[in-house]
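Scroll down for the structure; my scribbles are underneath it.
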Amino acid sequence: MKKVLITGAAGYIGSHAVVDFHNAGYEVIGVDNYLNSEEGTYKRIAQITGKEIAHHNIDLRDKKAVFSLFKSEKDIDAVVHFAALKSVPDSVDNPIFCFDNNNNSTLNLADACSQFGVKHFIFSSSCSVYGNVTADQLPVTEETQLKRPESPYGYTKQNGEEMLHYFSDVKDVKIMALRYFNPVGAHPSGEIGELPAKRVNNLVPVITQSAAGVIDAFTVFGSDWKTRDGSCIRDYIHVSDIASAHTLAYEFLKKQDDEKFFDVINLGSGEGVSVFEAIKAFERATGVRAPYKVGDRRDGDVESIYSNPQKAKEVLGWEPKFDIEDMMASAWKWQQKLKELGMAVHKL
Ligand code: NAD
Ligand code: WQD
């Protein structure tokens, strides 16, 4: 059986990808150092898959440890690389840590692939590579001009793509960078989802936390944007749909005759949803009110961004299965699970 190494496997998107690759019949090996996750995630994954996957506690910045993993786990056919620090404000506060972690993890894995003959590599990229897009650039296609990202975090994604592109010019490896828009929601089983971060900044977690009473109310960042209801517009996409695109990307890469390959694909729903519309979708899907107040704009926010998902459909045969209400209902189910796990209060 082909072995697929998933980095960041205990994390939010990685754990959903573990489930998807397992269900597609691959032998999955997980790697994580639990910087933003916990080992217990593997037990909850096993509740879904019926099998606990092999996993290793490795800091991917440690090149020796990465090489010895590739040496001991023979026959790795693909690396699906999720591991990274993803907090935008943390990256602004400590850019060096973010650069060191994200870029060196990617470099060490690429190096190990070339040393150990691993032929397929899938990289977690982000819509943040497009920077501050203007209204005339919407919806964003893969051809949209990349701008200077708004944060050090975004830079590590742009830089990661470029490093891997140069690498694939000279090494026999087929690489796909997938640019996610706004992944939200949780596995429909309610067993896995996004763990509360030190600073919870993202919209859907603050909606579910306010609805659950973990926080009193959240702030809608601005109602004076030039959009249909004054709030910002984003392209929310269910995390299980994001996960399944990786399995399809691997199938696609395996079929490419050329030994060297590099491409990028957007993963979004193609639909722009405003903050107020997202709140209404949550309330419709759950019947629960999410208290909020309207406040000032947040620094660095883009007014509107959403994808053109056509390339993912044409190249990968990928289309999202879940709509915005499914995203909200599953996020709410996960919020209940967090309470059961004693993790309802974020770790500030
Ligand atoms: P996450 O923080 O839940 O998962 C990342 C995992 O990587 C964590 O479990 C963390 O412990 C691990 N990790 C970090 N540095 C590591 C290291 N040096 N060695 C080993 N493990 C390490 O984040 P996520 O939301 O699952 O994001 C997965 C990927 O998708 C990231 O690359 C992120 O940048 C990208 N992405 C996420 C979003 C989003 O909104 N969640 C959007 C676009 C792109
Ligand atoms: C969504 C909308 C906020 C919180 C981030 C990263 C990006 C990518 C995806 C990794 C915005 C509004 C939010 C709140 C609010 N991640 N909001 N009140 O900023 O689009 O993207 O995640 O690659 O790089 O920057 O996501 O969920 O923070 O915000 O009104 O308390 O919700 O203004 O319009 P964002 P988000």
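Brief remarks follow.
- Enumeration of residues in the range 295-319 that are away from ligand 1 (no atom under 15 Å from the Cβ), outside any strand (DSSP E or B) and crowded, with 17+ Cβ neighbours inside 10 Å: Glu303, Asn308, Lys311, Leu316, Trp318
- Within the range 63-79, at least one residue is open to solvent by 20 Å² or more (accessible area, probe 1.4 Å) and closer than 23 Å to Ala177 by Cβ.
- Test: residue in the range 52-71 that is part of a helix (DSSP H, G or I) and within 16 Å of ligand 2 (Cβ to nearest atom): no
- Phe261 being within 22 Å of Val140 (Cβ to Cβ) and of a type in the set (Phe, Trp, Tyr): no
- Condition check for Lys280: within 18 Å of the chain's Cα centre (by Cα), at pLDDT 95 or above, open to solvent by 30 Å² or more (accessible area, probe 1.4 Å) and of a type in the set (Lys, Arg): no
- Test result for Asp172, out of contact with any helix residue (DSSP H, G or I) (no Cβ under 6 Å at 6 or more places or on another chain), in contact (Cβ under 8 Å) with a residue 60 or more places away in the chain, open to solvent by 40 Å² or more (accessible area, probe 1.4 Å) and more than 15 Å from ligand 2 (Cβ to nearest atom): yes
- Every residue from the range 105-158 that is within 15 Å of ligand 1 (Cβ to nearest atom), polar (S, T, N, Q) and closer than 14 Å to Asn266 by Cβ: Ser124, Ser125, Ser126, Ser128
- In this structure, Asp32 does not qualify as among the charged types (D, E, K, R), more than 21 Å from Tyr155 (Cα to Cα) and more than 20 Å from the chain's Cα centre (by Cα).
- Failed item, numbered, when Lys226 is tested on (1) open to solvent by 30 Å² or more (accessible area, probe 1.4 Å); (2) within 11 Å of ligand 1 (Cβ to nearest atom): (2)
The values are calculated or read from the model by the stated rules, or taken from the named source; none is laboratory data. In this text, all values refer to a predicted model and were calculated from it rather than measured experimentally. Don't worry about glycine lacking a Cβ; one is built from the backbone with ideal geometry, like all the others, and counts go over all protein chains shown. All accessible areas refer to the heavy atoms of the entire protein, side chains included, with ligands and DNA or RNA removed. Shrake-Rupley method; radii C 1.70, N 1.55, O 1.52, S 1.80 Å.
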